[in-house]
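Engineer: Can you keep this structure in mind? I'll have questions shortly.
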Amino acid sequence: MKIVKATYVISSPSFDQCPDLKAPEYAFIGRSNVGKSSIINALCSQNNLAKTSGTPGKTQLINHFEITSMSVAKGKQDKWYIVDLPGYGFAKVAQSSRRRWEQMIENYLRKRENLSRVFVLIDSRHTPQKIDLAFVQQLFKWEIPYTIIFTKSDKEKPGVVTRNVKLFFDALNETLPYLPQGFVTSAEKRTGVDEVLACIDQYNKLDAEDL
């Protein structure tokens, strides 16, 4: 799949203010400063579609981007949306603000009817973090389809990345009956970008068959 056009649509302060859209949405979420905006920009081959920031917790809204892509499998264009969600686990904000973000995220994830899949971003430079494992386990309990994207693989030695990915899946395997699909990526080197796009293309095809 190749993205033909990617356009910013709107930033919504709450789930109930999100636009009424019919095409499938793919939400991207992870701990603050996990490289979410960089991956979104890499997928869309744009430098500034999603705003990157060195300040954790910068994304505080539900950001929609309209995507037009050419599907090799179907031989035609598809329209769908990338949704950039606020990061979780950022502690340096007031408790009230953090709870508001958490409620915003939960409402979107559990109530958004056209949400096709959640991509959970995990920093591949680190060993498994409790907050990441807990978030994935929560998605499973809510029966929300999800896929793991390991980010920043170019920032660490390949052996370390491989070990951390294995440790993460081993930790999930202790509590979940089956493991999700996962991709190792680098926004800077575009590692794994084509694989993530192919994954989305496949789910677009499945969504079309369900209509």
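Engineer: Identify all residues within the stretch 93-130 that are in a helix (DSSP H, G or I), at pLDDT 90 or above and under 21 Å from L61 (Cβ atoms); write none if there are none. Quick ask: steps written out before the conclusion?
Structural biologist: Initial filter on the stretch 93-130 (in a helix (DSSP H, G or I)): 95-111, 130.
Next, from what is left, pick out any that are at pLDDT 90 or above: 105-111, 130.
The answer is I105, E106, N107, Y108, L109, R110, K111.
Engineer: Also, quick follow-up: Is it the case, given these coordinates, that G35 is at pLDDT below 95, over 25 Å from D194 (Cβ atoms), surrounded by 14 or more Cβ atoms within 10 Å (Cβ to Cβ) and touching a Lys or Arg at 6+ places or on another chain (Cβ under 9 Å)?
Structural biologist: No.
Engineer: Within the stretch 163-170, can one find any residue that is more than 15 Å from F28 (Cα to Cα) and either surrounded by 20 or more Cβ atoms within 10 Å (Cβ to Cβ) or modelled with pLDDT under 95 (or both)? Please lay out each step first, then the result.
Structural biologist: Going through the stretch 163-170, the residues more than 15 Å from F28 (Cα to Cα) turn out to be 163-170.
This time we only want the ones that are either surrounded by 20 or more Cβ atoms within 10 Å (Cβ to Cβ) or modelled with pLDDT under 95 (or both), so: 164, 168.
Scanning the stretch 163-170, I find at least one residue that is more than 15 Å from F28 (Cα to Cα) and either surrounded by 20 or more Cβ atoms within 10 Å (Cβ to Cβ) or modelled with pLDDT under 95 (or both), so the answer is yes.
Engineer: Further question: May I ask you to verify whether E143 is surrounded by fewer than 12 Cβ atoms within 10 Å (Cβ to Cβ) and within 24 Å of N63 (Cβ to Cβ)? Outline the logic, then answer.
Structural biologist: On the way: surrounded by fewer than 12 Cβ atoms within 10 Å (Cβ to Cβ): yes; within 24 Å of N63 (Cβ to Cβ): no.
No, not satisfied.
Engineer: Could you please tell me which pairs satisfy a Cβ distance under 8 Å, a separation of 6+ or placement on different chains, a first residue in the stretch 1-15 that is under 12 Å from W101 (Cα atoms), and a second residue that is surrounded by fewer than 14 Cβ atoms within 10 Å (Cβ to Cβ) and of a type in the set (D, E, K, R)?
Structural biologist: Once the first residue is under 12 Å from W101 (Cα atoms) and sits in the stretch 1-15, its partners that are surrounded by fewer than 14 Cβ atoms within 10 Å (Cβ to Cβ) and of a type in the set (D, E, K, R) give F15/K111.
Engineer: Can you tell me which residue is modelled with the lowest pLDDT among those in the stretch 71-92 that are of a type in the set (A, V, I, L, M) and surrounded by 15 or more Cβ atoms within 10 Å (Cβ to Cβ)?
Structural biologist: Our first condition is that a residue be of a type in the set (A, V, I, L, M); within the stretch 71-92, this holds for 72-73, 82-83, 85, 91.
Right, trim to surrounded by 15 or more Cβ atoms within 10 Å (Cβ to Cβ) and you get 82-83, 85.
On the way: I82: 97, V83: 97, L85: 93.
Within the stretch 71-92, the match that is modelled with the lowest pLDDT is L85.
Engineer: With modelled with pLDDT under 85 and farther than 26 Å from D16 by Cβ as the only criterion, which of T55, T59 stands out? Walk me through it before giving the result.
Structural biologist: Numbers: T59 fails: farther than 26 Å from D16 by Cβ.
Matching residue, one of T55, T59: T55.
Engineer: Looking only at the stretch 171-211, count how many residues are assigned to a loop (DSSP other than H, G, I, E, B), over 14 Å from the mean Cα position of the chain (by Cα) and among the hydrophobic types (A, V, I, L, M, F, W, C).
Structural biologist: Result for the stretch 171-211: 3.
Engineer: I've got another one for you. For Q103, state whether it is free of Cβ contacts under 8 Å to residues at least 24 places away in the same chain, under 17 Å from P180 (Cα atoms), surrounded by fewer than 19 Cβ atoms within 10 Å (Cβ to Cβ) and not aromatic (F, W, Y).
Structural biologist: Numbers: free of Cβ contacts under 8 Å to residues at least 24 places away in the same chain: yes; under 17 Å from P180 (Cα atoms): no; surrounded by fewer than 19 Cβ atoms within 10 Å (Cβ to Cβ): yes; not aromatic (F, W, Y): yes.
No: the conditions fail for Q103.
Engineer: While we're on this one: What number of residues within the stretch 134-148 satisfy the criterion of being in contact (Cβ under 8 Å) with a residue 40 or more places away in the chain and among the aliphatic types (A, V, I, L, M)?
Structural biologist: Selection size over the stretch 134-148: 1.
Engineer: Report every pair of residues separated by at least 6 positions or lying on different chains whose Cβ atoms are under 9 Å apart, first residue within the stretch 149-174 and more than 26 Å from S37 (Cβ to Cβ), second surrounded by 14 or more Cβ atoms within 10 Å (Cβ to Cβ) and of a type in the set (A, V, I, L, M, F, W, C).
Structural biologist: Listed pairs, sorted by first residue: A171/L133.
Engineer: Give the stretch 7-18 a look and list any residue that's more than 15 Å from N107 (Cβ to Cβ) and either β-branched (V, I, T) or part of a loop (DSSP other than H, G, I, E, B) (or both), or say none. Working first, answer last.
Structural biologist: Filtering the stretch 7-18 for residues more than 15 Å from N107 (Cβ to Cβ) gives 7-11.
Of everything in the stretch 7-18, those that are more than 15 Å from N107 (Cβ to Cβ) and either β-branched (V, I, T) or part of a loop (DSSP other than H, G, I, E, B) (or both) turn out to be T7, V9, I10.
The values are calculated or read from the model by the stated rules, or taken from the named source; none is laboratory data. In this text, all values refer to a predicted model and were calculated from it rather than measured experimentally. A quick note on method: Cβ atoms are made from the backbone with ideal geometry, for glycine too, and the neighbour counts reach across all protein chains shown.
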